[in-house]
Amino acid sequence: MEASWRHRAETGDPFLLAFLGAASGLLAGLVILAFRLTIEFTQMAFLPEGKVGNYEALSPMWRLYLALGGGIFLGAVFQRLPGDMHQVGIVHVLHQLFYRAGAMPLRNAIVQFLGGSFAIITGQSVDREGPGVHLGAAAGSLIGQRLGLPPKVLRHLIACGSAAAIAAAFNTPLAGVVFSMEVIMMEYRVATFLPVILAAVIGAILSEAVYGSAPAFEVPSLALYSLKELPYLFLMGILIGLLATFFIALVEGSAALAQRQPVFLRLAASGLLTGLVALSIPEVMGVSYDTLDRILHQPTLDGTLILVALAKLVTTAVAVGLGMPGGLIGPTLVIGGAAGAAFGNALAALSPFSVTVSPFYAMAGMVAMMGATLQAPLAALIALLEMTASPGIILPAMLAVIPAQLILRYFGKEPVFTALLELRR
C-alpha cells in the first residue's frame with residue numbers, strides 16, 4: 001500500500017497530489033489558527049482593556065520589564081536546547097527545502113510554536129507570519145514523511161503548507177499561493193499549482209470560519225487623485241528602497257554578530273533593545289497591526305510616523321538577526337505603512353496641487369517595503385489587494401515597488417531570507 005502511494009506520488013498523480021495538498025492545507029490551517037488564538041487569548045487575558053496588542057496602555061516600565069523578561073526567558077530556554085533546535089522560521093524552511101530534501105523536523109516546529117507565541121506575547125518586535133509559514137510547511141512535510149513520500153513530493157507539500165499558512169493568517173488565499181511560489185519555491189510550476197491552490201483555499205476557509213470574511217484592514221475605497229502624483233509615487237519608492245536596503249543590511253549585520261555570541265546573550269539583548277525603545281515608542285512591541293490599522297485610518301504627525309518607522313525597522317532587524325523566534329513580514333508592512341503615510345502628509349503640505357490622502361500612500365508604502373525586502377513584488381501586491389479590498393491601489397503600488405526593488409539591486413542586496421540563508425551555510 002505504501003509503495004503504491006509513493007509510486008503514484010512520484011508519477012505526479014493529480015488526484016493524489018490534490019488530496020495531499022488538501023490534507024496539508026487542513027492541518028496547516030488548524031495549526032495556524034491554534035497558534036494565532038494562543039497569542040490572542042493570552043494577550044486579552046493580561047493586556048489592559050482585554051485588547052489584542054494593546055501594549056501602548058502598559059506603563060513604560062512594564063513595557064521594559066515585559067520585553068526584557070521575555071528575551072531573558074527565551075534565551076535561558078534556548079541555551080538549554082541543542083543547537084539544531086534553535087533553527088526556526090522561513091530561513092529554516094528554505095534550508096530544509098534546498099539542503100535536507102524537504103524533511104522538516106517535528107521538534108523544531110514545536111520550538112517554533114512555543115517560542116514564537118511567547119516572543120509575540122512578551123512584545124518582541126516580530127510577527128506571527130514567519131512562524132506560521134514554518135508551522136504550515138512542517139505540517140505538509142510531516143504528512144509526506146509519515147507516508148514515506150519522495151523529496152520531490154515533500155517539496156510540493158511544503159509549498160502547500162506555506163500557502164495555507166499565509167491564507168489562514170490573513171484570509172488571503174491568492175497571496176498565499178503567490179507567496180509560496182515566489183518566496184518559498186522561488187519558481188512557478190504548473191504541476192504544483194493545483195494542490196497549492198487547494199491548500200490555500202482550505203486555509204482561508206478555516207480563517208473565515210473563525211474570524212469572518214472581512215478584510216484584515218477595513219479601509220475606505222481609495223484611488224489616485226491625479227496622474228500628476230505618479231512622479232511622487234516613484235520618488236516614494238526610491239525612499240522606501242533605501243529603507244529596505246538599510247533594513248536588510250542591519251539584519252545581516254545582526255546575524256553575523258549573532259554567530260559569535262551565545263544564544264542567551266543574543267535573545268536577552270534583543271529583548272532589552274525592544275524594551276528600551278518601547279519606553280518612549282510603544283508601537284514597536286508585538287506584531288503592531290493595531291498601529292498599522294490606526295495609520296490607515298488616522299495618520300498621526302509626520303515626526304511620530306517617521307519615529308515609528310525607524311524604531312520598528314531597528315528593533316525588528318536586530319530581533320530577527322539575533323535569532324528571536326519570530327518573523328519580519330508583518331513589520332515590513334508596518335514600516336512601509338508608517339513611512340508612506342509620513343510621505344503622504346509631507347506631500348499634502350508641500351505639493352502645489354491637491355494630492356490623495358496619506359492612507360493611500362501608506363498602502364503603497366506597505367507594498368513597496370514588503371515587495372523590496374522579500375523581493376517578491378507580486379506577492380506583496382496581491383496581499384495588499386486581499387487585505388484591504390482596495391483595487392484602486394494596485395497601479396500606484398506597482399509604480400512604487402519598481403524603484404524600491406531597483407534600489408536594492410543597485411546596492412547589491414539579496415532578498416532578506418536568501419541573505420540569512422547564505423549566512424547560515
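Bear in mind these aren't lab numbers, they're just calculated from the coordinates by the rules spelled out. Predicted model only: the values in this text are computed from it and were never measured. Virtual Cβ from ideal backbone geometry, glycine too; neighbours counted across all protein chains shown.
Some values worked out for this structure:
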{"item": "Pair F246, I110: separation of 7 Å Cα→Cβ label points (nm)", "result": "4.2 nm"}
{"item": "Largest-first principal axis extents, alpha carbons of the stretch 249-294, Å", "result": "39, 21, 14"}
{"item": "With 20 Å bins from 0: P(r) over the chain, alpha-carbon pairs, percent", "result": "29, 59, 12, 0"}
{"item": "Projected label distance in nm at D84 and E49, using a 7 Å step from Cα toward the beta-carbon", "result": "4.8 nm"}
{"item": "Taking the stretch 227-424 and dividing mean pair separation by its residue count, relative contact order in percent (alpha carbons under 8 Å, at least six apart)", "result": "30 percent"}
{"item": "Test item: Cα-centred dipole of the stretch 2-211, Lys/Arg +1 and Asp/Glu -1 on Cβ, debye", "result": "420 debye"}
{"item": "Cβ-derived FRET efficiency at R0 25 Å, M61 paired with L423, nearest 0.05", "result": "0.10"}
{"item": "Stretchable slack from A34 to I205, in nm (0.36 nm times residue separation minus alpha-carbon distance)", "result": "60.1 nm"}
{"item": "Rounded FRET efficiency, nearest 0.05, which uses the C-beta distance separating L257 from S280 and R0 of 30 Å", "result": "0.75"}
{"item": "Helix-derived mean residue ellipticity, 222 nm - over the chain, DSSP H n ≥ 4, -39500 (n - 2.57), to 500", "result": "-24500 deg cm²/dmol"}
{"item": "Label zone at H297, where the point sits 7 Å out along the Cα-to-Cβ direction: the stretch 370-401 residues whose backbone N lies under 16 Å", "result": "388-389"}
{"item": "Among Q405, Q112, Q298: highest mean-square fluctuation, GNM of the chain, C-alpha pairs under 10 Å", "result": "Q298"}
{"item": "Relative contact order computed over the chain (Cα-Cα under 8 Å; 6+ residues apart), in percent", "result": "22 percent"}
{"item": "Computed lengthening from A103 to L235, 0.36 nm per intervening residue step minus Cα-Cα distance", "result": "43.2 nm"}
{"item": "Dipole moment magnitude, nearest 20 debye, the chain about Cα centre, only Lys, Arg, Asp, Glu C-beta charged", "result": "940 debye"}
{"item": "Longest to shortest principal axis, alpha-carbon extents of the stretch 227-424, angstrom", "result": "55, 35, 29"}
{"item": "Neighbour-count order for L154, L267, L230, L273, fewest beta carbons within 10 angstrom listed first", "result": "L230, L273, L154, L267"}
{"item": "Highest-fluctuation residue, G116, G392, G161 considered, GNM on the chain with Cα pairs under 10 Å", "result": "G392"}
